[in-house]
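Visitor: Dropping a structure here in structure tokens format, bear with me for questions.
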Amino acid sequence: MKEKIRLVDDSGIRTDGRKPDELRPIKLEAGVLSNADGSAYIEQGKNKILAAVYGPREVHPRHLALPDRALLRCRYHMAPFSVQERKSPAPSRREIELSKVIRESLEPAIFLERFPRTAIDLFIEVLQADGGTRVAGITAASLALADAGIPMKDMVAACAAGKADGHILLDLNDLEDKEGEADVPVAYMPSINRVGLLQMDGQLTPEEFEKAFNLAIEGCKRIYALQKEALKAKYLAIKEAVEEAGQK
Amino acid sequence: MTNVTISRIRQKQIAQLLSSGKRLDGRGLLDYRPIQIETGIIEKAEGSARVRLGKTEVVVGVKIEIGEPFPDRPDEGVLTTNAEFVPLASPEFEAGPPTEDSVELARVVDRGIRESKAIDLKKLCIIPGKKVFIVFIDIYVLNHDGNLIDASALAALAALTNTKIFKYEVKDGEVKIKPGFKDLPLINYPVAITLADIDGNLIVDPWLDEEEIMNARLTISFDKDGKICAMQKGGSGTLSPQQIIEAIKIAKEKSEELRGLVVKKNG
Amino acid sequence: MSIFYENREIVTPGDLLAEGEFEAGRNAYKIDSKIYACKLGLVEYKGKTVHVVALNTFYVPSVGDTVIGKIIEINLHGWTVDIDSPYLATLRPTETFNKSYNPQKNELSEFLNIGDLIQAKIIAYDRTRNPLLTIKEPGLGKITRGQIIKVSPAKIPRIIGRKGSMINMLKRETRCNIIVGQNGLIHIYGRNPEDERIAVLAIKKIELEAHTSGLTDRIAEMIRKERRGMV
């Protein structure tokens, strides 16, 4: 029999040293791929994920084109080496489902009706997975869309909360995700207060759910601030450099 | 004639009625369509059920086979759920590999059953690490008139309640099937409730026309103790946090109503 | 009535820019009485209108624009031209064969072949159909010499400058002919490769520093420095 792992110790500290409502360290960068029209990279804990946007562009095959708006296509994919045991590169049922819910979390953020008959193709590649890849993927994808100059109602920030060892925790890592009692991934547009992705598995009472959901929203707000910073970073750096040079 | 696109005038009509608390088919916002459940309809399957939810019709067959356990769970049986959008069910369905929608349907139904631990998988172990029972749940959509998730989840639960597994004995490391059957060890009864948001109004059990114009849907699965065991937002729109909390309250009540239909039927 | 940023401050999609009796201008949108940004850019409050000058964008065709494009396909209807926008453009055979075009007789590729670059003007575009091009006006047509560089279409206004101040300075100082396509493609041809090299360098610097002030002077100085370095 496997021994039950303790995920939260007596003083409320998690296996990676975090407090229950603490995010993992996050690194976000926009414009990381030169071929893509927009791109972004995220590290969240040991997650390493790339997102790239191509388009709006001609739709192939052409019969898929929509007369009144752009077609958003999304592929969430995990690299074979991203997990402990090699994953087959063929898309799994899990990846098919996640591609769909990720797309549905981003569609409402984009002014798709401004580009009829075109396609916006979004690719999310998980290079290393550490729990919460779908939400980290959405965070990066939203940044890539903004980097591509695609008009958006808001940036979509995503974060999960869940329950492990009886505690409601923010941003579950791989171990907490696998051994914990429940996982609630959420994608949220803070400026307009709308939820675009919500899933749950595990077991939670409605009261526990509400607590976890609110915590996830709080996490989204913090990640949103990081997204804005990452989007501005390149331009602010140039501006500062120019102004500094000007003062000399 | 396909019903892929509904006319704008119909859209308007549906939305206007909703804002005055009514629906095109006469239902209240929080009413399900009439539900009919029949079990044991496929004799060759170890368990089966047909659910009619209004004009939506779903058959679930459960097959039991002996196979190998997953390496990380050597002492548990295996549950696998699949959904087929049979082309005869809708002008929109085509023969071919599973679509995004059918994969989502199967996975949402599966999640409700798995996360509520409805089947006592430990009791399906025959020889640890070597032989276990595999439970195949196959969802067959026969007519699509909206809300396939709730109909399928209900049909799956009904089919599991009448699933029999064959008796066996283990002799010299070999599994021998014996005459006779026993009940599948079913210890929880998950029910999925789907709500849709149309112009800010929450409704339960959207039918096809309502699905066409909804912003988004939210499916919430409850186990027998009133715990949430699965959730899935779907559709290309959004919900407000307040709506989500409201939806849970509605769904909890509705889940008890729907569970009663299955549990009563089986005593 | 309130505004939430300084003029020319960097904003990101979803930022609440103003509330009250304002109108949403470029790259902004309105919900009830709130104006939000829909792109990364610099916010501009101009009277009652709130704009966002995008820092990064792609080219959306507009009638009257001069663009530079590449022939990518030839069919019975004419040439298909990639103008680096969400929509491919069409150049009709009548552009070169007048009314005498006969698909069985005339070979379009003899006039413009796949891979050829053209400078063209958009004469029709309404979102339901792909943009239509003409090369009939003076200065338009096949590009046969010099070089092409690509910049973000968001930077084109800065490369032209107020009343053409930047582009005129560039032409004068680099001694190159420079044709700016609104779609972000720029055609440069000079008397020698060195002149062209300096022009490319200058345009790249403008693209990078487009959102900073005092740019024209800095660019002029850079060009003079490059020239001195050569001597």
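Visitor: Sticking with the crude label model, points 7 Å out along Cα→Cβ, report the distance from B:ASP199 to C:THR49 in nm, one decimal please.
Guide: That separation, rounded to one decimal, is 3.3 nm.
Visitor: For the range C:165-208 and the range B:141-192, what is the separation of their Cα centres, given in Å?
Guide: Cα centroid of the range C:165-208 versus Cα centroid of the range B:141-192: 73 Å apart.
Visitor: If we count every other residue with Cβ under 13 angstrom of C:CYS38's Cβ, Lys/Arg +1 and Asp/Glu -1, where does the sum land? Show your work: numbers first, answer last.
Guide: On the way: positive: A:ARG114, A:LYS153, C:ARG26, C:LYS30, C:LYS34, C:LYS39; negative: A:GLU113, A:ASP154, C:ASP15.
Overall, the nearby charge balance is +3.
Visitor: Restricting attention to the alpha-carbon atoms of chain A, what are Rg (one decimal) and Dmax (integer), both in Å?
Guide: 19.0, 70
Visitor: Quick one: grab the alpha carbon gyration tensor of the range C:147-230, order the square roots of its eigenvalues as a ≥ b ≥ c, and give me rounded if a/c is under 1.5, else prolate or oblate depending on whether a/b is larger than b/c. Display every interim value, and only then the final one.
Guide: Details: a/c = 1.68, a/b = 1.17, b/c = 1.43.
Oblate.
Visitor: By a straight-distance test (C-alpha under 16 Å), which lysines pair with C:LYS136 as possible cross-link partners, with residues fewer than eight away in the same chain excluded?
Guide: Correct list for C:LYS136: C:LYS99, C:LYS121.
Visitor: Can you compute the FRET efficiency between C:ASN177 and C:THR134 using 1/(1 + (r/R0)^6), with r the Cβ-Cβ distance and R0 = 25 Å? Round to the nearest 0.05. Walk me through the intermediate numbers first.
Guide: Values: r = 21 Å, r/R0 = 0.84.
Taking R0 as 25 Å, the efficiency between C:ASN177 and C:THR134 is 0.75.
Visitor: Among B:GLY28, B:GLY180, B:GLY77, which one shows the highest mean-square fluctuation when chain B is modelled as a Gaussian network with alpha-carbon springs under 10 Å?
Guide: Sorting by GNM fluctuation, first place goes to B:GLY180.
Visitor: Where the centroid of each part is defined by its Cα atoms, how far is the range B:31-86 from the range A:24-83 in Å?
Guide: Centre-to-centre distance over Cα atoms comes out at 36 Å.
Visitor: Between rounded, prolate and oblate, where does the protein assembly as shown land on the alpha carbon gyration tensor, with a ≥ b ≥ c its root eigenvalues, rounded for a/c under 1.5, else prolate if a/b exceeds b/c?
Guide: Working: a/c = 2.15, a/b = 1.84, b/c = 1.17.
Judged from the Cα gyration tensor, the protein assembly as shown comes out prolate (a/c at least 1.5, a/b above b/c).
Visitor: Who wins for biggest fluctuation among A:ARG86, A:ARG24, A:ARG134 in a Gaussian network model of chain A, springs between alpha carbons below 10 Å?
Guide: Judging by the Gaussian network model, the answer is A:ARG86.
Visitor: Under 14 Å from the Cβ of C:SER152, count the other residues' Cβ atoms, weight Lys and Arg +1, Asp and Glu -1, and hand me the total.
Guide: After counting each charged neighbour, the total is +2.
Visitor: Still on this structure: Net charge within 10 Å of B:GLU211 by Cβ-Cβ distance, Lys/Arg positive one each and Asp/Glu negative one each, not counting B:GLU211 itself? Spell out each step's value before the answer.
Guide: Details: positive: B:ARG217; negative: B:ASP145, B:ASP209, B:GLU210, B:GLU212.
Net charge in that neighbourhood comes out at -3.
Visitor: Same structure again: Loop only by DSSP, 13 or fewer other Cβ within 10 Å of the Cβ. Give me the GluC sites (Glu not before Pro) in the range A:54-135 that pass, ordered by residue number. Mind showing how you got there, number by number?
Guide: Numbers: sites: A:GLU58, A:GLU85, A:GLU95, A:GLU97, A:GLU104, A:GLU113, A:GLU125; in loops: A:GLU85.
Answer by residue number: A:GLU85.
Visitor: Using the Karplus curve 6.51 cos²θ - 1.76 cosθ + 1.60 with θ = phi - 60°, what ³J(HN,Hα) values do you get for each residue of the range B:80-89, in whole Hz, with x for Gly and Pro?
Guide: My calculation for the range B:80-89 gives 9, 10, 9, 10, 10, 8, 5, x, 6, 8 Hz in order.
Visitor: Return the sequence-ordered ³J(HN,Hα) values of the range A:149-164 in whole Hz as given by the Karplus equation 6.51 cos²θ - 1.76 cosθ + 1.60 applied to θ = phi - 60°, using x for Gly and Pro.
Guide: Using θ = phi - 60°, the values come out as x, 7, x, 10, 5, 6, 7, 9, 10, 9, 7, 10, 10, x, 9, 8 Hz.
Visitor: Report Rg(Cα)/(2.2 N^0.38 Å) for the range B:47-180, keeping two decimals.
Guide: Working: Rg = 16.3 Å, N = 134, 2.2 N^0.38 = 14.1 Å.
After normalising by residue count via 2.2 N^0.38 Å, the value is 1.15.
Visitor: Going by Cα centres, the range A:207-231 and the range C:127-153 are how many Å apart?
Guide: For the range A:207-231 versus the range C:127-153, the Cα centre distance is 46 Å.
Visitor: Here is a follow-up. Suppose each label sits 7 Å from its Cα in the direction of the beta carbon; what would the B:LYS167-A:GLU218 distance come out to in nanometres?
Guide: Taking the two extended label points, one gets 5.7 nm.
Visitor: Please list the non-local residues whose amide H lies under 5 Å from the amide H of B:ALA83, H modeled 1.01 Å from N, same-chain partners needing a gap of 5 or more.
Guide: B:ALA106, B:ILE139
Visitor: Kyte-Doolittle mean at least 1.6 and Cα extent at least 18 Å along the axis: which DSSP H helices of chain B qualify?
Guide: Going by DSSP H runs, the hits are B:148-161.
Visitor: Can you give the FRET efficiency to the nearest 0.05 for A:VAL83 and B:ALA15, using r as the Cβ-Cβ distance and R₀ = 56 Å? Please list the in-between numbers first.
Guide: Numbers: r = 45 Å, r/R0 = 0.81.
For R0 = 56 Å, the calculated efficiency reads 0.80.
Visitor: Suppose each label sits 7 Å from its Cα in the direction of the beta carbon; what would the B:ASP225-C:GLU107 distance come out to in nanometres?
Guide: 8.2 nm
Visitor: Given a Förster distance of 22 angstrom, what is the FRET efficiency for C:ASP84 paired with A:ARG75, based on the Cβ-Cβ distance and rounded to 0.05? Before the final figure, lay out the partial values.
Guide: Working: r = 24 Å, r/R0 = 1.09.
Result of the calculation: an efficiency of 0.35.
Visitor: Please return the longest stretch of chain A lacking exposed loop sites, where chymotrypsin sites (Phe, Trp or Tyr not before Pro) count only if DSSP places them in a loop and at most 16 other Cβ atoms lie within 10 Å. Each step should come with its number before you reach the end.
Guide: On the way: sites that count: A:PHE81, A:PHE111.
The longest such stretch corresponds to A:112-248.
Visitor: Take chain A, connect every pair of alpha-carbon atoms lying under 10 Å apart with a spring to form a Gaussian network, then pick out the residue of A:THR133, A:THR15, A:THR205 with the largest mean-square fluctuation.
Guide: For chain A, modelled as a Gaussian network with Cα springs under 10 Å, the answer is A:THR205.
Visitor: Run the 1.4 Å probe and let me know the accessible area of C:ARG228, rounded to the nearest 10 Å².
Guide: That residue has around 150 Å² of solvent-accessible surface.
Visitor: Let me make sure I get this right: for chain C, a, b and c are the square roots of the gyration tensor eigenvalues over alpha carbons, sorted descending. Under 1.5 in a/c it's rounded, otherwise prolate if a/b > b/c, else oblate. Which is it?
Guide: Numbers: a/c = 3.08, a/b = 1.29, b/c = 2.39.
It is oblate, given that a/c is not under 1.5 and a/b is not larger than b/c.
The values are calculated or read from the model by the stated rules, or taken from the named source; none is laboratory data. Quantities reported herein were computed from a predicted structural model and do not represent experimental measurements. No Cβ is skipped: glycine too gets one built from the backbone with ideal geometry, and neighbour counts run over all protein chains shown. Surface accessibility is based on the protein's heavy atoms, side chains included, excluding ligands, DNA and RNA. Shrake-Rupley method; radii C 1.70, N 1.55, O 1.52, S 1.80 Å.
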